[in-house]
Each structure stands twice: as structure tokens, then as C-alpha cells.
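Visitor: Got a structure for you, written out below as C-alpha cells; questions coming shortly.
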Ligand SMILES: NC(=O)c1ccc[n+]([C@@H]2O[C@H](COP(=O)([O-])OP(=O)(O)OC[C@H]3O[C@@H](n4cnc5c(N)ncnc54)[C@H](OP(=O)(O)O)[C@@H]3O)[C@@H](O)[C@H]2O)c1
């Protein structure tokens, strides 16, 4: 029997993108072999862009927003999950081409679902969400590319953001000397509390030209910004340094030269969080064990579903910090 599902729906009306609360019939949810009653979703940078039509994130209108969610399996056609399992859903089309997490329930392909691993509560899992999963992927790839604490300091930019905050926590735990770069000088104590050793306002003065090679400062970097900040990082990396390119909060285009790559062996590695089941299982296990973030309480705010539009406004205005969890359903701890 169909029943109403409260949802935050993104639509295109007369060529303009609009988002708002609505009620959907449960039988109009997208198909999928796992049906989840959603307890929590979260707000990622991409979610805020999607709801405003910026960045052309939504690939199918109308679409319930929300690129991640945590809840309980109600029905499963997949042998990997059974009713009552606490699960986290993220990645692929969720919240961009298939109804997402800002709804009381969702039906999704099993490959987009992971069990909340032992060692994490559902609230921990959604605080991690797409942001923390992406930070874990970046750290995993950086380690595969030879990053180790003894090689020197790691720069994490956009430091008050969700991905960056969790990356700082993980890297500090692993023994790296983490330097946080932020535009928000008043957030230094928060960043030092997550494990950063120092806080800077950037790696070079804004607008300063970058010579092909500058004095080498960083053994590794986690870049959430792209654009000019990434162009400033590349010539300032040590020999054999690794930059994990995660995001584009400052822009998609940047200008550089090949010199850091051919004379210093700098590696610019791409990080994309749409992964197969094996990689997802590997990373969620690490997120519950050796990479488990220790400062989730400091990183997290919890807001009610009705507050979602205001949280998105604060993300777009650059006033947001860490991770905001949206309480959708029962909100078990
Ligand atoms: N590759 C993937 O699979 C993947 C997955 C998740 C996220 N992402 C991307 O990663 C980036 C970070 O995501 P997030 O969810 O962590 O975002 P977020 O929480 O909104 O954080 C972004 C941070 O970037 C800085 N920032 C924001 N606007 C800026 C601007 N115009 N110029 C310079 N800095 C700006 C701010 O940090 P400060 O004020 O501290 O500098 C902000 O806190 C986004 O581009 C997102 O789309 C990619």
C-alpha cells in the first residue's frame, strides 16, 4: 500500500531550479533492491550546489536531494542485506540522478549501500558520510603513493570544510604533521583541536604569480579547492610529493607548468568517491578501525529536517563548519 513520504525535492520549473519540501507517494520512489527507512542525511557542498542549480549537479529532474543517508533496511532483495540492518547509502546516482537522502525513505541498488560497521554508531556514520568516505579514500590513495609521516608536512586546504576536517583528524592520528589552510582565522582553535599542528591562511599570497618551481614546503596535500589554490600548491611540493585532488570549491580551472611533475616527480592524484563494492567495504572497515575519526563530536552539528534550506545557505555563503547532520526520522544515536 502506498503511503506519504516527506521529501525535499529539486525540480526544474521554466528553466530554473527550485527546491522545497513535498510529500511523495511511497510507490513513486525510484526502484532499487534495498528499501531504507532514513534516520539521518547530511549536507555536503555538492548538496547545496544541487539545490540551487549551481554546477549542474542534478542529472534528472525532479530528484530528491541528499547524496548520503543512514537508516535501517526495511526490505531487501539483495543477499548482502536483511531487514533491520543499519546501513549507510551514498555514491553513484544517489541524490543526483536517483531520489536521495532528504526523504523519509529511499529505494536504492545494493551496490550503493554499506552496513554501518561495528565500532561506529549510525550518527557517527552519517557524520562521516560522503565527506569522510572521500577523506578516507584520499588517505588510502596517498599511502599507496608512498606518503608517510617521515616525509614531511601535509597541507589540508579548505580546512573548515567537511572533507578537510575529517582528513585532518585521520592524518594527525596516523602521525602526520598536518598544516591546515583556511580563510577563517577565527577557526584556528577548532582546527588545532582536530589535530592540525599549525594553521595558515594559504600557501602563497592571493593573486601572487607562481614560478614553475617555488621553495618546496609540502610532502603531501589534500586539496578541496582546485582553482588558484591548487595552482599555488603544485610548485611548492617536495620531491615525490602527492596531492590528492578532491574538490573544486575555489574553481575548476587552474594553470601550471610540467616542471614540478618532471623535475620533482610530484603526483597529482584524482579522488572520486564512486567506487565498487570491494573498495567501499575496504574503506568503511578502515573508517571504523585505523582511520576512525576521533573528533566527530567537534566536527558535527545536528539540525532538524525543516532547517535544511538554512544549512544549505550557510554552506553557500562560506559560513559553514565541519559536518551538518540532518535528522530525518527517528534519529537513533
Ligand atoms: N571527489 C569526490 O568524490 C568528492 C566527494 C566529496 C566532496 N567533493 C568536493 O570536495 C569539496 C569539499 O567538499 P565539502 O563537502 O568538504 O565542502 P564544504 O564542507 O562546504 O567545505 C568547503 C571548504 O572550502 C572553502 N571554500 C568554500 N568556498 C570557497 C571559495 N569560493 N574559495 C575558496 N575556498 C572556499 C571553505 O573552507 P575555509 O574557509 O576553511 O578555507 C569551506 O569550508 C567540494 O568541491 C566537493 O564538491 C568531492
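Readers should treat all values here as calculations from the given coordinates under stated rules, not as data from a laboratory. Since we're looking at a predicted model, the values are computed, not measured. FYI the Cβ positions are ideal-geometry reconstructions off the backbone, even for glycines, and counts take in every protein chain you see.
Visitor: Counting alpha carbon pairs within less than 8 Å and at least 6 residues apart, what relative contact order, in whole percent, applies to the range 130-270? If you can, show how the numbers build up before the last one.
Guide: Working: 297 pairs, mean separation 31.4, N = 141.
The normalised contact order for the range 130-270 reaches 22 percent.
Visitor: Using the number of other C-beta atoms within 10 angstrom as an exposure proxy, rank 190, 8 with the fewest first. Intermediate values should be presented prior to the final figure.
Guide: Values: 190 21, 8 26.
Ordered by Cβ neighbours within 10 Å, fewest first: 190, 8.
Visitor: Write down the radius of gyration of the chain and its Dmax, each obtained from C-alpha positions, in Å.
Guide: Rg and Dmax of the chain, Cα atoms, are 19.8, 66 Å.
Visitor: Could you order peptides 44-52, 301-309, 130-138 by the average number of other Cβ atoms within 10 Å of their residues, highest first?
Guide: Details: 44-52: 23.2, 301-309: 15.7, 130-138: 27.8.
So the order, starting with the most tightly packed, is 130-138, 44-52, 301-309.
Visitor: Name the residue, out of 69, 16, 167, whose mean-square fluctuation peaks in a Gaussian network model built on the chain with Cα pairs under 10 Å.
Guide: 16
Visitor: When the Cα atoms of the range 1-92 are enclosed in a convex hull and the volume is divided per residue, what value in Å³ results? Don't skip to the answer; put the middle values down first.
Guide: Numbers: hull volume 9.8 nm³, N = 92.
Dividing the Cα hull volume of the range 1-92 by its residue count gives 107 Å³.
Visitor: If you don't mind, another one. Using Cα springs under 10 Å in a Gaussian network model of the chain, which residue among 59, 37, 267 shows the largest mean-square fluctuation?
Guide: Highest fluctuation of the listed residues: 59.
Visitor: I've got another one for you. From the alpha carbon gyration tensor of the range 84-142, can you work out the equivalent ellipsoid semi-axes (sqrt of 5 times each eigenvalue) and give them in Å, largest to smallest? Let's see the in-between values first.
Guide: Working: eigenvalues 76, 48, 20 Å².
Value: 20, 15, 10 Å, ordered largest first.
Visitor: Additional query: Once the convex hull of the alpha carbons of the range 130-270 is built, what does its volume come to per residue, in cubic angstrom? Let's see the in-between values first.
Guide: Working: hull volume 13.2 nm³, N = 141.
Dividing the Cα hull volume of the range 130-270 by its residue count gives 94 Å³.
Visitor: Taking the Cα-to-Cβ direction at residue 83 and at residue 310 and moving 7 Å from each Cα, how far apart do the two end points lie in nm?
Guide: Result: 3.8 nm between the two label points.
Visitor: Going by C-beta contacts inside 10 Å, put 107, 197, 280 in order with the fewest on the left. Before the final figure, lay out each step's value.
Guide: On the way: 107 18, 197 15, 280 21.
With the fewest neighbours first, 107, 197, 280 line up as 197, 107, 280.
Visitor: Output the Cα-based Rg and Dmax of the range 55-175 in Å, rounding Rg to one decimal and Dmax to a whole number.
Guide: Answer for the range 55-175, Rg first and Dmax second: 16.4, 50 Å.
Visitor: How large is the Kirkwood hydrodynamic radius of the range 257-314, counting all unique pairs of alpha carbons, in Å?
Guide: On the way: mean 1/r = 0.0631 Å⁻¹.
It works out to 15.8 Å.
Visitor: Only helical DSSP H runs with n ≥ 4 go in: add -39500 (n - 2.57) per run for the chain, normalise by residue count and round the 222 nm mean residue ellipticity to 500 deg cm²/dmol. Working shown, then result.
Guide: Values: 9 runs with 87 residues, N = 333.
Theoretical 222 nm ellipticity from helices: -7500 deg cm²/dmol.
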